[in-house]
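Peer 1: Questions regarding the structure given below will be posed in turn.
The values are calculated or read from the model by the stated rules, or taken from the named source; none is laboratory data. Bear in mind the structure is a predicted one, so any value in this text is a computation, not a measurement. Cβ: placed from backbone, ideal geometry, glycine included. Neighbour counts: every protein chain shown. Heavy atoms of the whole protein, side chains included, go into the accessibility calculation; ligands, DNA and RNA do not. Shrake-Rupley method; radii C 1.70, N 1.55, O 1.52, S 1.80 Å.
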Amino acid sequence: MLRCLAIDDEPLALELLEDNIKQVPFLELTGKCKNALEALKFLQQQSVDLIFLDIQMPGLTGLQFIQSLTQKPMFILITAYEKFALEGFNLEVIDYLVKPVSLDRFIKACNKAFELHSLRTKKPEHVESSPDYFFVNVEYSLVKVEFADIQWIEGLKDYIKIYLRSSSKAVITRLSMKSLEEQLPALKFIRIHKSYIVSKAAITSIRKNSVFIGPEEFPVGDNYKDALNTLINKAG
């Protein structure tokens with residue numbers, strides 16, 4: 001679990017942020033503050049792993065708040081202004097979200113924080129370990145998908161279908177192929193077409209311009225042939 005703190009001077013924005021946090025299984029909301037000075041007092045009493053932070057607040061801005069801390073947790077900035085993005089990333093924030101924030105975009109930022117936290121806290125003897133799953137939004141619920149359970153993924157405009165070994169029913173979620181591809185481990189998956197990503201372990205055969213997973217045939221796009229040939233050469 002990631003212990004987190006929400007900071008925003010707008011009550012409605014803080015309420016919406018709290019609702020989003022409650023929908024992410026690995027987040028634990030330990031406090032809410034309406035300004036940075038209140039947050040400083042809170043952090044004197046409790047430590048947190050992640051802070052969701054507004055920028056434009058009275059007194060101390062969000063960016064000034066980050067700079068004031070000697071021991072810094074992870075930060076995700078949530079603001080109505082795009083102009084502070086460069087300065088925010090110079091302060092090594094995890095992500096920069098512009099209001100209004102969709103739940104999908106919020107989850108993606110949280111996944112980044114979770115992965116970084118896992119890397120920082122993992123034991124040295126388990127250097128190879130990393131999260132073996134991720135979460136997707138399905139009909140207002142977060143569904144856990146394990147990488148090892150995925151056979152292939154199909155892109156359909158703004159939606160994707162994730163086909164699993166454990167279920168005859170695909171998981172359908174509103175997400176772009178590019179966003180999903182960034183979350184998948186490159187050692188386990190390969191994109192073979194603008195509409196298809198397949199599990200390397202699930203591939204049963206390759207024939208000319210097609211990849212097969214059991215009886216299912218998938219076309220290989222011209223832009224992805226080099227990556228597939230590299231995979232074949234490594235196997236050989």
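Peer 1: Filter the range 38-64 down to residues that are among the aromatic types (Phe, Trp, Tyr) and out of contact with any strand residue (DSSP E or B) (no Cβ under 7 Å at 6 or more places or on another chain), then give me how many there are.
Peer 2: So the answer is 0.
Peer 1: Has the range 105-121 got any residue that is more than 30 Å from Leu187 (Cβ to Cβ), of a type in the set (A, V, I, L, M) and in contact with a Phe, Trp or Tyr (Cβ under 8 Å, 6 or more places away or on another chain)?
Peer 2: Within the range 105-121, none of the residues are more than 30 Å from Leu187 (Cβ to Cβ), of a type in the set (A, V, I, L, M) and in contact with a Phe, Trp or Tyr (Cβ under 8 Å, 6 or more places away or on another chain).
Peer 1: Output the number of residues of the range 132-169 satisfying the condition of being open to solvent by 20 Å² or more (accessible area, probe 1.4 Å), outside any strand (DSSP E or B) and not polar (S, T, N, Q).
Peer 2: 9
Peer 1: Something else about it: Please go through the range 85-102 and pick out each residue that is open to solvent by less than 40 Å² (accessible area, probe 1.4 Å) and either charged (D, E, K, R) or farther than 17 Å from Leu12 by Cβ (or both).
Peer 2: Ala85, Gly88, Val93, Ile94, Asp95, Tyr96
Peer 1: Got a sec? Which of Glu92, Glu115, Glu82 is within 29 Å of Tyr159 (Cα to Cα) and part of a loop (DSSP other than H, G, I, E, B)?
Peer 2: On the way: Glu92 fails: within 29 Å of Tyr159 (Cα to Cα); Glu115 fails: part of a loop (DSSP other than H, G, I, E, B).
Of the residues listed, the single one that is within 29 Å of Tyr159 (Cα to Cα) and part of a loop (DSSP other than H, G, I, E, B) is Glu82.
Peer 1: Okay, moving on. Looking only at the range 22-56, filter to residues that are assigned to a strand (DSSP E or B) and hydrophobic (A, V, I, L, M, F, W, C); which one of those is surrounded by the fewest Cβ atoms within 10 Å (Cβ to Cβ)?
Peer 2: Within the range 22-56, the first condition is being assigned to a strand (DSSP E or B), and the residues that meet it are 27-33, 50-53.
Restricting the remaining residues to those that are hydrophobic (A, V, I, L, M, F, W, C) gives 27, 29, 33, 50-53.
Values: Leu27: 20, Leu29: 17, Cys33: 21, Leu50: 25, Ile51: 27, Phe52: 28, Leu53: 25.
The qualifying residue surrounded by the fewest Cβ atoms within 10 Å (Cβ to Cβ) is Leu29.
Peer 1: In addition: For the range 57-71, enumerate the residues that are assigned to a helix (DSSP H, G or I), surrounded by 14 or more Cβ atoms within 10 Å (Cβ to Cβ) and of a type outside the set (Phe, Trp, Tyr).
Peer 2: Gly62, Leu63, Ile66
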